[in-house]
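Encoded as structure tokens, the structure appears first; notes follow it.
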Amino acid sequence: MIDPKNTSLRDIISEFISVFCRDYDQMEKLLDPDVVSHITNAYGGVDKVQGREALMKRIRAMNVVGVKFRITITQMVTIKPEQGLVMVEIKAIREGKTLHNFAAFLIHVKNSRINNLWMVEASPAHSDKFWM
């Protein structure tokens, strides 16, 4: 695990994806307490989520216990020194249901912590049904 205070933008983004839904404590360390997140909803729009606690509550609600879950970075680019864009492939199996989806995260880092992120996904309705 990395120390977010002494890492590059790419390291922070890579670590965030690596620990996504696997290590909530490490995820929290990577997020600014006042992070603003825009997360895709089932209708293809976005929900604005204000603050680290609210975002982590939403992520924990996915309840990945018992889910075979794999998230893989397929591409990452630096937009600005403090902003990166990462595309991921998501594969998951739970209770006989399968999910294969792609998502992109536009991540802004300030003071070595994620302070703003936008998430979009290829098939939001399918994803929503899987996690329900």
Quick one: count up the residues across the stretch 75-99 that are exposed (fewer than 14 other Cβ atoms within 10 Å of the Cβ) and more than 17 Å from Ile59 (Cα to Cα). 10
Read through the list (1) over 14 Å from Ser14 (Cα atoms); (2) out of contact with any helix residue (DSSP H, G or I) (no Cβ under 7 Å at 6 or more places or on another chain); (3) of a type in the set (A, V, I, L, M, F, W, C); (4) in contact (Cβ under 8 Å) with a residue 60 or more places away in the chain, then give the number of the only condition that Val35 fails. (2)
Look at Phe105 and say whether it is part of a strand (DSSP E or B) and of a type outside the set (S, T, N, Q). yes
Take the residues of the stretch 96-119 that are touching a residue at least 40 places away in the same chain (Cβ under 8 Å) and of a type in the set (A, V, I, L, M, F, W, C): which is farthest from Leu31 (Cα to Cα)? Ala103
When you check Met62 against the structure, is it in contact (Cβ under 8 Å) with a residue 60 or more places away in the chain and either more than 21 Å from Trp131 (Cα to Cα) or β-branched (Val, Ile, Thr) (or both), yes or no? no
Inside the stretch 85-101, can you point out the residues that are more than 16 Å from Cys21 (Cα to Cα) and either in a loop (DSSP other than H, G, I, E, B) or among the hydrophobic types (A, V, I, L, M, F, W, C) (or both)? Leu85, Val86, Met87, Glu95, Gly96
Identify the residue in the stretch 48-74 that is part of a strand (DSSP E or B) and of a type in the set (A, V, I, L, M, F, W, C) and, among all such residues, is surrounded by the most Cβ atoms within 10 Å (Cβ to Cβ). Val49
Can you tell me which residues in the stretch 68-95 are touching a residue at least 40 places away in the same chain (Cβ under 8 Å) and either farther than 20 Å from Val120 by Cβ or out of contact with any Gly (no Cβ under 9 Å at 6 or more places or on another chain) (or both)? Phe69, Ile71, Ile73, Pro81, Glu82, Gln83, Gly84, Val86, Val88
Count of the stretch 109-124 residues which are under 15 Å from the mean Cα position of the chain (by Cα) and closer than 22 Å to Gly44 by Cα: 8
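Bear in mind these aren't lab numbers, they're just calculated from the coordinates by the rules spelled out. Just so it is clear, the structure is predicted and the values come from calculations on it, not from any experiment. Neighbour counts run over all protein chains shown; Cβ positions are idealised from the backbone, glycine included.
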